[in-house]
Amino acid sequence: GGVLGCGGLDAGKLGPEGVAQRACVGGRFAGKARRMGGVEGKAVATSAAREARNGMDLIEAFREVNVPLTIIEGDREAELVLRGVRSHSDFSDGPLAIIDVGGGSTELLVPAETGLRVQHSFPLGTVRLLEQHRPSALPTAQARAKVIEALDQLLDVQVTPLLGMLALPGLKVGAGVPP
């Protein structure tokens, strides 16, 4: 797991160390899955690889460890998040809203009986936020205030207009992968 951009996305390019490290980990996971009876392994990359000029380097590095990798769009990412949440027995049916916070993006989903009422990927995640507002080891009140302001702006300027007058279901699920 982990976030590819963390320590590896600089000026729109994936760093070679981050690419090699992720491919190594992906290969080890695939090997472990095969030893446990897995037949086919696949990997997906999300916002960091989508936005990088050298995303093909990541695909090639995974090819070298025999793991097919696909760089997916935000809508596909949101669909996979929904499938993952729905696979848990507590969330398998009924109304809910999901927010999935990743390293480079955040997905918002509100499923309907069939399809989705709201599905959107926002270009803001934990790593991106910390890169934009680099706090010190012990963040100051001013540094925390800048991060809170950025989050408030995302909610007020992008999320609220998207939802409009839609009433969110009572059950809200937070998901995410730690960096």
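When residues of region 19-41 are filtered for being within 18 Å of the chain's Cα centre (by Cα) and at pLDDT below 85, how many remain? Looking only at that region, the number is 0. Would region 117-139 turn up any residue that is open to solvent by less than 60 Å² (accessible area, probe 1.4 Å) and within 16 Å of Leu168 (Cα to Cα)? Yes; the residues of region 117-139 include at least one that is open to solvent by less than 60 Å² (accessible area, probe 1.4 Å) and within 16 Å of Leu168 (Cα to Cα). None of Phe62, Phe29, Phe91 is crowded, with 21+ Cβ neighbours inside 10 Å, of a type in the set (Phe, Trp, Tyr) and in contact (Cβ under 8 Å) with a residue 12 or more places away in the chain except Phe62. Report yes if some residue within region 103-124 is part of a helix (DSSP H, G or I), out of contact with any Pro (no Cβ under 7 Å at 6 or more places or on another chain), within 27 Å of Leu166 (Cα to Cα) and without any contact (Cβ under 8 Å) to a residue 40 or more places away in the chain; otherwise report no. Within region 103-124, none of the residues are part of a helix (DSSP H, G or I), out of contact with any Pro (no Cβ under 7 Å at 6 or more places or on another chain), within 27 Å of Leu166 (Cα to Cα) and without any contact (Cβ under 8 Å) to a residue 40 or more places away in the chain.
With respect to the stated conditions, Ala97 fails to be touching a residue at least 24 places away in the same chain (Cβ under 8 Å), open to solvent by less than 70 Å² (accessible area, probe 1.4 Å) and either among the polar types (S, T, N, Q) or over 18 Å from Lys172 (Cα atoms) (or both).
The set of residues in region 140-179 that are assigned to a strand (DSSP E or B) and open to solvent by 50 Å² or more (accessible area, probe 1.4 Å) comprises Lys172, Gly174.
Would it be correct to say that Glu107 is under 13 Å from the mean Cα position of the chain (by Cα), modelled with pLDDT of 80 or more, open to solvent by less than 80 Å² (accessible area, probe 1.4 Å) and not polar (S, T, N, Q)? Answer is yes for this residue. With respect to (1) at pLDDT 85 or above; (2) buried (at least 18 other Cβ atoms within 10 Å of the Cβ), the lone exception for Ala78 is condition (1).
The values are calculated or read from the model by the stated rules, or taken from the named source; none is laboratory data. Please read all numbers here as calculations on a predicted model, not as lab measurements. Note that each Cβ is placed from the backbone with ideal geometry, even for glycine, and that neighbours are counted across all protein chains shown. Note: accessible area is taken over every heavy atom of the protein model, side chains too, but ligands, DNA and RNA are not part of it. Shrake-Rupley method; radii C 1.70, N 1.55, O 1.52, S 1.80 Å.
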